[in-house]
Amino acid sequence: MRRLAFLAILPAALSLECRTAPAPAPAPVNRSDIEGAGDLELTSLAPSYVKLVLALGRHDADYVDAYYGPPEWKTEAERVMRPLADIQAEADSLLARLARLAEPREEAPRLRHRYLVKQISALRARSEMLGGKKF
């Protein structure tokens, strides 16, 4: 009988021990080892890209077909007309940030990376054309 009582108490005691033991501190993780870390980096660039598109849209009314993002971004773009040189400089900065990122291993983030590079390059070329450059 004592044996059964002990076996009945043992699981309860072990569960209390598990609940009261402090969790070990997580080991530091290299961001490049995290699955999807490249996608997080791309996500951090997205607002700058969208705002840049809206800024260029002030110089070319046909550049932005439709916008469904945060209204304050559009309001800000409409309030201030940025010079083309500033738009080109920011495009260069975004392209440099993308170039520093390792191309993601997963297909969707990799395609997104390539898409952003091409779109920002095209935005830069369009801003140069609006400034009078001929290609």
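The values are calculated or read from the model by the stated rules, or taken from the named source; none is laboratory data. These numbers come from a predicted model, not from an experiment. Note: ideal-geometry Cβ built from the backbone for every residue, glycine included; neighbour counts use all protein chains shown. For accessibility, only protein heavy atoms count, side chains too; no ligands or nucleic acids. Shrake-Rupley method; radii C 1.70, N 1.55, O 1.52, S 1.80 Å.
Yes or no, residue by residue, for (1) free of Cβ contacts under 8 Å to residues at least 60 places away in the same chain; (2) more than 15 Å from the chain's Cα centre (by Cα):
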site: ALA66; (1), (2): yes, yes
site: THR75; (1), (2): yes, yes
site: GLU78; (1), (2): yes, yes
site: MET81; (1), (2): yes, yes
site: ALA85; (1), (2): yes, yes
site: GLU90; (1), (2): yes, yes
site: SER93; (1), (2): yes, yes
site: ALA99; (1), (2): yes, no
site: PRO104; (1), (2): no, no
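Would you check if SER48 is open to solvent by less than 40 Å² (accessible area, probe 1.4 Å) and either at pLDDT below 95 or closer than 27 Å to ARG100 by Cα (or both)? Explain how you work it out, then say what you get.
Working: open to solvent by less than 40 Å² (accessible area, probe 1.4 Å): yes; either at pLDDT below 95 or closer than 27 Å to ARG100 by Cα (or both): yes.
In short, yes.
Quickly run through the stretch 84-107 and pick out the residues that are open to solvent by 70 Å² or more (accessible area, probe 1.4 Å) and either out of contact with any Lys or Arg (no Cβ under 9 Å at 6 or more places or on another chain) or under 20 Å from LYS133 (Cβ atoms) (or both).
Of everything in the stretch 84-107, those that are open to solvent by 70 Å² or more (accessible area, probe 1.4 Å) and either out of contact with any Lys or Arg (no Cβ under 9 Å at 6 or more places or on another chain) or under 20 Å from LYS133 (Cβ atoms) (or both) turn out to be ASP86, ARG97, ALA99, ARG100, ALA102, ARG105, GLU107.
Kindly provide the set of residues from the stretch 49-59 that are under 20 Å from LYS133 (Cβ atoms) and outside any loop (DSSP other than H, G, I, E, B), ordered by number.
Of the stretch 49-59, the ones under 20 Å from LYS133 (Cβ atoms) are 52-53, 55-59.
Hits for the stretch 49-59 are LEU52, VAL53, ALA55, LEU56, GLY57.
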List every residue pair whose Cβ atoms lie under 8 Å apart, where the two residues are 6 or more positions apart in sequence or sit on different chains, the first residue falls within the stretch 41-59 and is within 20 Å of VAL80 (Cβ to Cβ), and the second residue, located anywhere, is hydroxyl-bearing (Ser, Thr, Tyr) and crowded, with 16+ Cβ neighbours inside 10 Å.
-> VAL53/TYR63; LEU56/TYR63; LEU56/SER127; GLY57/TYR63; HIS59/SER127
Got at least one residue in the stretch 119-133 being modelled with pLDDT of 95 or more, surrounded by 16 or more Cβ atoms within 10 Å (Cβ to Cβ) and within 14 Å of the chain's Cα centre (by Cα)?
-> no
State yes or no: is ARG112 modelled with pLDDT under 95 and open to solvent by 70 Å² or more (accessible area, probe 1.4 Å)?
-> yes
Among the residues of the stretch 60-79, which ones are in contact with a helix residue (DSSP H, G or I) (Cβ under 9 Å, 6 or more places away or on another chain) and either assigned to a helix (DSSP H, G or I) or open to solvent by 60 Å² or more (accessible area, probe 1.4 Å) (or both)?
-> TYR63, TRP73, LYS74, GLU76, ALA77, GLU78
